[in-house]
Amino acid sequence: AGACWLGSRRCPDQAGDIALLIGAAVCIQLRLLCNLLDGMVAVEGGLRSPTGELWNDVPDRFADVLILVPVGYATGVAWGPELGWVAGMAALLTAYQRWLGAGVGRGQDFGGPLAKPQRMAVLTVAGLVGAAARPWQHDGQVLFAALGLIVLGALLTVALRLRRLARRMGTPP
């Protein structure tokens, strides 16, 4: 998905740009499908391991950055790359906040308006809408708006998770 985002600004023709934007959306959905199947095999197949959560989560953090940051470069607008980096960091913060709850013995909180599935949904829609807007040269603005939504939603997710964790920490486990 990240390579598709980056390539969408460098394609010599508009049809290639459109194909890469759609390709990014498809790759994001394939990532989610692989993640779902991996979890189902581990849980339903009884193949859980003591380090399973670690190896399930760490690649997701790399994927967050490798998908979100290139969107910033794909915008082609001023401050796009910076916004991509902020979106990547905001995604990492949501995961950190989730793991922090587990680390203090209060469980993981997957809630929030823009957790991973919702962030990926926003990017999928942005890729498809961006592809539709490409003939009018508005794909960059679509991607920029999606990143802005992701940043704001991820920060709200972190704040809500922190509030819930603080409440849980105020009561005995």
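Observations
- Single residue of the range 79-115 satisfying the filter (open to solvent by 20 Å² or more (accessible area, probe 1.4 Å) and among the small types (Gly, Ala, Ser)) that is farthest from ILE150 (Cα to Cα): GLY105
- The combined condition, being in contact (Cβ under 8 Å) with a residue 60 or more places away in the chain and open to solvent by less than 60 Å² (accessible area, probe 1.4 Å), is not fulfilled by ILE22.
- Here GLY148 meets each of (1) under 19 Å from the mean Cα position of the chain (by Cα); (2) more than 30 Å from ILE18 (Cβ to Cβ) with one exception, condition (2).
- Condition check for ASP13: out of contact with any strand residue (DSSP E or B) (no Cβ under 8 Å at 6 or more places or on another chain), at pLDDT 85 or above, among the acidic types (Asp, Glu) and open to solvent by less than 60 Å² (accessible area, probe 1.4 Å): no
- For ALA74, the conditions (1) open to solvent by 10 Å² or more (accessible area, probe 1.4 Å); (2) under 17 Å from ALA25 (Cα atoms) are fulfilled apart from (1).
- Hey, VAL69 modelled with pLDDT under 85 and part of a helix (DSSP H, G or I) or not: no
- Considering the range 40-59, and only residues there that are among the charged types (D, E, K, R) and open to solvent by 80 Å² or more (accessible area, probe 1.4 Å), the residue that is nearest to the chain's Cα centre (by Cα) turns out to be GLU53.
- A Cβ distance below 7 Å, combined with a sequence gap of six or more or placement on separate chains, defines the contacts here; from the range 55-71, residues that are among the polar types (S, T, N, Q) reach residues that are surrounded by 15 or more Cβ atoms within 10 Å (Cβ to Cβ) in the pairs ASN56/ASP38.
- Scan of the range 1-55 for residues that are outside any helix (DSSP H, G or I), under 20 Å from GLY76 (Cβ atoms) and not aliphatic (A, V, I, L, M), ordered by number: ARG9, ARG10, CYS11, PRO12, ASP13
- The residue pairs whose first member lies in the range 104-125 and is part of a helix (DSSP H, G or I), whose second member is open to solvent by 60 Å² or more (accessible area, probe 1.4 Å), and whose beta carbons are closer than 7 Å, counting only pairs six or more residues apart or on different chains, are VAL122/LEU149; THR124/GLN29.
- Counting the residues of the range 150-173 that are farther than 16 Å from LEU93 by Cβ, part of a helix (DSSP H, G or I) and open to solvent by 90 Å² or more (accessible area, probe 1.4 Å) gives 2.
- Leading residue by the ranking (least open to solvent (accessible area, probe 1.4 Å)) among those in the range 126-144 that are out of contact with any Leu (no Cβ under 7 Å at 6 or more places or on another chain) and farther than 16 Å from ALA87 by Cα: ALA133
The values are calculated or read from the model by the stated rules, or taken from the named source; none is laboratory data. In this text the structure is predicted, and so the values were computed from the model without any measurement. Heads up, the Cβs are rebuilt from the backbone with ideal geometry, glycines too, and the neighbour counts pull from every protein chain shown. The accessibility values were calculated without ligands, DNA or RNA, using every heavy atom of the protein model including side chains. Shrake-Rupley method; radii C 1.70, N 1.55, O 1.52, S 1.80 Å.
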